[in-house]
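Reading through the structure tokens given below for one structure.
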Amino acid sequence: MRWPARVPPVPRARLAGLRPPLADVLLAAGVLAVGQVETWMTTSFQPKLPLALLAVLITVPLAWRRRAPFSALLALGAAEWALGAGWPDLNPVYTFIAIVVALFSVGAHAEPRRAAAGCALVILTFWVGALLDNARHPGLRGPSDFVYVTVVLGGAWLLGRALRERGLRAAQLERRAARLEAEQQARAQAAVAAERARIARELHDVIAHSVSVMVIQAGAAEQLLAQTPERARGPLAAVQDTGRQTITELRRLLGILRADGPELSLAPQPGLASLDLLLAEMEQAGLPVQLRIEGQPAPLPPGVDLAAYRIVQEALTNTLRHAGPAHADVLVRYHQHALELEILDDGCAPGPRPPDRAGGQSGHGLVGMRERVTLYGGTLNAGPRAAPARTGYAVRVRLPTNPDGT
């Protein structure tokens, strides 16, 4: 015995796509209730049951007015045509409500060709019906009836099209805004990655220089051990201190992303001892700078020393590029376990400085300052100067100077 082939089940996704929304179901139920009340409460002597069934066929398709607007309009129109053919003298109010809602839905949710075809089909159908009524009852329909039908039905369709176009434009703007936000985030992430790569390369130079110093000091200690062992204690202690600092910098280097870059130099990176040269370059570029040092200057870990120099450099470059004619003040304050930096200017350029163009070698100065400060567990505050200064910008940084970075 040969069994019939099994019919594959309909996918659940397709069934979910055909399921009408609850709001449309409630709308169809409301129009159906109006139709049933109008059918059963009318004073005419027409048969009630066929009219009640036609009311169901006319109103139920409204539940799919958004899922399948053109098909719903065709089903609704066919049922209304049957009502007009069987009972031409009846003009129920609910049928007009249903066709107006269906035309609006076609305009709002159908593709352009089907929407235009549905609107033209409905209006022509009403025109034909009016002509037939006028043929059966001369003088019953006039030009005003044609205008009324065209304006009301065409207006419902045009309103649906207008809302559709508005929704499409809103969706397009949302997609554009989302794309721009994603691009902005990508640029910000790229800026952070570039700054981390640059910082990593600089830390590499610091570590390489420290290791070179350790090799030289160890060689000097080896020579002293053979002649005067007591004098070898100093170089050995220096090797230990430099080694501890190098281990700390190595930990920081391993904690950040390192991008491939050009050949790295073994020359030492600049520090706060090079501030005089930096300020001289700024003055030659047109930015007068005054330097003030408070506290007792003390040797800094090489990474902190480099970070402090770069922060001052990028803050002054920001002022030079965006503050207009200005004067800057740099304050370096030494504490027992911390270093404070304050860079102030009296520039008259209104508004905040652009964070993505705030100076520095990479063009992302504020991002670079933040990455450096975060790397050493410090704090950064940057923004317009508070009262009593009405103009200018302030950058304040605190960097821990303990070997462990706390």
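Of the residues making up segment 162-192, just one is touching a residue at least 60 places away in the same chain (Cβ under 8 Å) and either loosely packed, with under 14 Cβ neighbours inside 10 Å or over 22 Å from the mean Cα position of the chain (by Cα) (or both), namely Arg187.
State whether the residues of segment 285-293 include one that is at pLDDT 75 or above, buried (at least 19 other Cβ atoms within 10 Å of the Cβ), within 45 Å of the chain's Cα centre (by Cα) and not acidic (Asp, Glu). Yes, because at least one residue in segment 285-293 is at pLDDT 75 or above, buried (at least 19 other Cβ atoms within 10 Å of the Cβ), within 45 Å of the chain's Cα centre (by Cα) and not acidic (Asp, Glu). Looking at segment 38-115, none of the helices (runs of 4 or more DSSP H) lying wholly inside it contains 3 or more residues that are of a type in the set (D, E, K, R), in contact (Cβ under 8 Å) with a residue 24 or more places away in the chain and out of contact with any strand residue (DSSP E or B) (no Cβ under 6 Å at 6 or more places or on another chain).
Residues that are more than 21 Å from Ala72 (Cβ to Cβ), at pLDDT below 80 and not small (Gly, Ala, Ser) do not occur anywhere in segment 156-166. Per the listing Leu331, Leu264, the residue uniquely more than 19 Å from Leu380 (Cα to Cα) and either modelled with pLDDT of 85 or more or in a loop (DSSP other than H, G, I, E, B) (or both) is Leu264. Can you confirm whether Leu203 is part of a helix (DSSP H, G or I) and modelled with pLDDT of 80 or more? So Leu203 fails the test.
Based on what the data block shows, is Pro352 exposed (fewer than 15 other Cβ atoms within 10 Å of the Cβ), at pLDDT below 80, under 24 Å from Glu283 (Cα atoms) and in the same structural domain as Glu281 (by TED's automatic domain parsing)? Taking the combined requirement at face value, the residue satisfies it. Contact annotation: no residue pair with Cβ atoms under 6 Å, 6 or more positions apart or on different chains, pairs a residue in segment 143-161 that is in the same structural domain as His109 (by TED's automatic domain parsing) and loosely packed, with under 14 Cβ neighbours inside 10 Å with a partner that is hydrophobic (A, V, I, L, M, F, W, C) and modelled with pLDDT under 85.
The values are calculated or read from the model by the stated rules, or taken from the named source; none is laboratory data. Owing to the predicted nature of the structure, the values given are computational and were not obtained by experimental measurement. Positions of Cβ are generated from backbone atoms using ideal geometry, with glycine treated the same way; all protein chains shown enter the neighbour counts.
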